[in-house]
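Chemist: Here's a structure for you.
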Amino acid sequence: MDLYEYQGKELFAKYGIPVSEGRLALQPDEARAAAEELGGAVVVKAQVLTGGRGKAGGIKLAATPAEADERAAEILGMDIRGHIVRKVWIERASEIEREYYLSIAFDRSAKKPLFMFTTQGGVDIEEVAATHPEALVRLHVDPLVGFQPWHGRRLVYGAGISDPSEQKQVAAIAAKLYEAFIGCEAMLTEINPLIVTPHGEVRALDAKFSVDDNALFRHPDLAEMRDVDATDPLEALAREKGVTYVKLDGEVGVLGNGAGLTMGTVDVVAFVGGRAADFCDLGGGGDAEGVVDALEVITRDPQVRSIFFNIFGGITRCDEVARGILQALERMGIELPIVVRLDGTNADEGRRLLREADASNLHVEETMLEGARRAVELAKAT
Ligand code: GDP
Ligand code: MN
């Protein structure tokens, strides 16, 4: 789960990382009031779950409360790469002498948190990594040992910071960022830019914070930060029902058992000239309850024109899945064409059950390729 900048900064502040004081605003007049409270020049920042807001015009300076009102009016409602701005963060404007970059990402291949630090911040870090790889300090932390003072020294000396006060501040921020990363079970914590002011003060000017969905049950306070308005309503419904579902843009509703098979099914649908409307993994189950829940989510999508079940029976028995599908159809009364391909354990029995059910919208196919072709054909015909 990705957090908004203002939420990330709230967490930064909680862990003792210096940030600018600010307020959230949903309306221009709230932005004006926030600017009045903060006093002096402020910066109006679009709160969207995507980066590069500055370049897109979503970050603007305002010298007075009246200007803050105007800038907020311009930014609210703006579309930044498909994200509509509904909230702005108003914070006291900072004077910037230098912009650095500091992050911790979970490095899956090393199974360790990975620090990245460079004094060439403010720009895309991918660009720095590509053009000046020597300027980027990369440092793993053994999670069993934790962050040690030498990690901080390695980061600041590695990046060539010579001012002692700056060295101390950056090392302290790195230690706190590590605490925040571990404490929140984050996947990513990124500060870009980490600024140095003309007075030599080091502060986080931006926050990118992504927490591990699978650990959220241990962090009810973080789970509450989820913005239900920003998530796809179908995905929210799926989460509620415990269905593994990702919304896609096509017309063929895809259901498989197992993530690999389901991804393969999405590909095969594309291969035969169609487009999947979703990725839906039934998992090991296939009982009526699970199938009903999945179909309720999939058929709620008005773009869906046909449904393709691709089931490979291993431990899951095809006859059980067939019964689940039939019970689900009986309970839901779906009129969309449904193509079912069953293979593996008890596939013959499963197919027999489906054929005997004699439902006019139910089509049984023998192979994944034939099933995909049929589902695409039927989606185009309806
Ligand atoms: P991003 O574009 O989404 O990464 O948003 P950032 O929060 O990183 O802001 C982008 C850029 O706007 C920063 O790199 C700064 O150059 C500039 N900026 C943001 N806040 C301030 C501020 O308080 N004062 C000044 N002078 N510039 C700012
Ligand atoms: Mn940034």
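The values are calculated or read from the model by the stated rules, or taken from the named source; none is laboratory data. Model, not experiment: these values are computed from the prediction. Quick reminder, even Gly has a Cβ in these numbers, built from the backbone with ideal geometry, and neighbours come from all protein chains shown. Side chains included, ligands, DNA and RNA excluded: accessible areas come from the protein's heavy atoms. Shrake-Rupley method; radii C 1.70, N 1.55, O 1.52, S 1.80 Å.
Chemist: Considering each residue of segment 32-57, count those that are more than 16 Å from ligand 2 (Cβ to nearest atom), open to solvent by 40 Å² or more (accessible area, probe 1.4 Å) and either out of contact with any Asp or Glu (no Cβ under 6 Å at 6 or more places or on another chain) or within 27 Å of Asp124 (Cβ to Cβ) (or both), and give that number.
Modeler: Here the count works out to 5.
Matching residues to (1) surrounded by 24 or more Cβ atoms within 10 Å (Cβ to Cβ); (2) assigned to a loop (DSSP other than H, G, I, E, B):
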{"position": "Gly284", "(1), (2)": "no, yes"}
{"position": "Asp293", "(1), (2)": "no, no"}
{"position": "Glu296", "(1), (2)": "no, no"}
{"position": "Gln303", "(1), (2)": "no, yes"}
{"position": "Ile307", "(1), (2)": "yes, no"}
{"position": "Phe312", "(1), (2)": "no, no"}
{"position": "Thr316", "(1), (2)": "no, yes"}
{"position": "Val321", "(1), (2)": "yes, no"}
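Chemist: Same structure, new question: Being part of a strand (DSSP E or B), open to solvent by less than 80 Å² (accessible area, probe 1.4 Å) and within 13 Å of ligand 2 (Cβ to nearest atom) is the filter here; which residues of segment 204-225 pass it?
Modeler: Listed by number, the residues that qualify are Ala204, Phe209.
Chemist: Name the residue, out of Gly122, Gly160, Gly77, that is part of a loop (DSSP other than H, G, I, E, B), closer than 30 Å to Glu30 by Cβ and away from ligand 1 (no atom under 16 Å from the Cβ).
Modeler: Going through Gly122, Gly160, Gly77 in turn, the sole match is Gly77.
Chemist: Just give me the residues in segment 192-228 being within 11 Å of ligand 1 (Cβ to nearest atom) and among the basic types (Lys, Arg), in sequence order.
Modeler: Arg203, Lys208
Chemist: Another question about this same structure. Among the residues of segment 75-83, are any over 22 Å from Ala172 (Cβ atoms) and within 14 Å of ligand 2 (Cβ to nearest atom)?
Modeler: Yes.
Chemist: Given the criterion in a helix (DSSP H, G or I) and either at pLDDT below 95 or not aromatic (Phe, Trp, Tyr) (or both), identify the matching residue among Ala110, Ala171.
Modeler: Unique residue meeting the criteria: Ala171.
Chemist: Go through (1) more than 16 Å from ligand 2 (Cβ to nearest atom); (2) assigned to a loop (DSSP other than H, G, I, E, B) and name the single condition Ala66 misses.
Modeler: Exception for Ala66: condition (2).
Chemist: Suppose we keep only residues that are closer than 17 Å to Glu134 by Cα and in contact (Cβ under 8 Å) with a residue 60 or more places away in the chain within segment 93-114. Which one would you say is farthest from the chain's Cα centre (by Cα)?
Modeler: Among them, the one singled out is Tyr100.
Chemist: Here is a follow-up. Out of all the residues in segment 256-265, is one or more β-branched (Val, Ile, Thr), outside any strand (DSSP E or B) and without any contact (Cβ under 8 Å) to a residue 40 or more places away in the chain?
Modeler: no
Chemist: Assess whether Ala238 counts as being among the hydrophobic types (A, V, I, L, M, F, W, C), open to solvent by less than 30 Å² (accessible area, probe 1.4 Å), away from ligand 1 (no atom under 16 Å from the Cβ) and touching an Asp or Glu at 6+ places or on another chain (Cβ under 6 Å).
Modeler: no
Chemist: How about segment 180-191: which of its residues are buried (at least 22 other Cβ atoms within 10 Å of the Cβ) and within 26 Å of Lys55 (Cα to Cα)?
Modeler: Thr189, Glu190, Ile191
Chemist: Test Leu102 against the stated conditions and say whether it is surrounded by 15 or more Cβ atoms within 10 Å (Cβ to Cβ), more than 12 Å from ligand 1 (Cβ to nearest atom), of a type outside the set (Phe, Trp, Tyr) and not assigned by TED's automatic domain parsing to the domain that holds Leu136.
Modeler: So Leu102 does not fit the description; no.
Chemist: Which condition number in (1) within 16 Å of ligand 1 (Cβ to nearest atom); (2) among the aliphatic types (A, V, I, L, M); (3) free of Cβ contacts under 8 Å to residues at least 60 places away in the same chain is the one that Ala175 fails?
Modeler: (1)
Chemist: Output the residues belonging to segment 43-67 that are touching a strand residue (DSSP E or B) at 6+ places or on another chain (Cβ under 7 Å) and of a type in the set (Lys, Arg).
Modeler: Once the filter is applied, which keeps residues that are touching a strand residue (DSSP E or B) at 6+ places or on another chain (Cβ under 7 Å) and of a type in the set (Lys, Arg), segment 43-67 yields Lys45, Arg53, Lys60.
Chemist: To continue, here is another question. Within segment 68-77, is even one residue without any contact (Cβ under 8 Å) to a residue 12 or more places away in the chain and in contact with a strand residue (DSSP E or B) (Cβ under 8 Å, 6 or more places away or on another chain)?
Modeler: Yes, segment 68-77 contains a residue that is without any contact (Cβ under 8 Å) to a residue 12 or more places away in the chain and in contact with a strand residue (DSSP E or B) (Cβ under 8 Å, 6 or more places away or on another chain).
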